[in-house]
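Here's the structure, in structure tokens; my notes come after.
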Amino acid sequence: MSNGLKLLLSDSRGIYIPRDFVEEFDLTKWKNIDPDDVTILHDPDHEWYWDAWDNVLQYATHTDEHGNEWHLWQDGDLWVICDELMTDEEYENFFGENR
């Protein structure tokens, strides 16, 4: 098991992954998430829903108690990843390229 990869939400949630992220996780532990985007993400029918989610995916970071910086990654499933904690093999398997 990897220490640098954690599955947050399965792709079985479909279009509700963004909504479920903002409703089920403690956003006070994350930086760089615009409160306006959070408001939008509560409504999957909002015209800016996917734009708001793109902002969260691009900018949100979490720093753990050891100083490791984590960010979100979605390719179907929603993951939280820390590049520095991933082994070279994990990195290659996850991203399809060498570091």
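Some observations on this one:
- Of all residue pairs spaced 6 or more apart or on separate chains, those with beta-carbon atoms under 9 Å, a first member in segment 3-24 that is part of a helix (DSSP H, G or I) and a second member that is open to solvent by 100 Å² or more (accessible area, probe 1.4 Å) and at pLDDT below 95 are D11/D75.
- Yes/no for D45 being part of a loop (DSSP other than H, G, I, E, B), more than 11 Å from the chain's Cα centre (by Cα) and at pLDDT 95 or above: yes
- Selected residue [open to solvent by 60 Å² or more (accessible area, probe 1.4 Å) and in contact with a Lys or Arg (Cβ under 7 Å, 6 or more places away or on another chain)] from D88, D51, D36: D88
- Here T28 clears all of (1) surrounded by 17 or more Cβ atoms within 10 Å (Cβ to Cβ); (2) not in a loop (DSSP other than H, G, I, E, B) except the condition numbered (1).
- Residues located in segment 56-67, provided they are surrounded by fewer than 18 Cβ atoms within 10 Å (Cβ to Cβ) and either at pLDDT below 95 or not in a strand (DSSP E or B) (or both): L57, Q58, Y59, D64, E65, H66, G67
- Candidate set from segment 1-25 (those that are of a type in the set (K, R) and either at pLDDT 95 or above or more than 27 Å from E90 (Cβ to Cβ) (or both)); member that is least open to solvent (accessible area, probe 1.4 Å): R19
The values are calculated or read from the model by the stated rules, or taken from the named source; none is laboratory data. Worth saying up front: this structure is predicted, and the values here are computed from it rather than measured. In this analysis, Cβ positions are derived from the backbone assuming ideal geometry, glycine residues included, and neighbour counts consider all displayed protein chains. Protein only, heavy atoms only, side chains kept; ligands, DNA and RNA dropped before computing areas. Shrake-Rupley method; radii C 1.70, N 1.55, O 1.52, S 1.80 Å.
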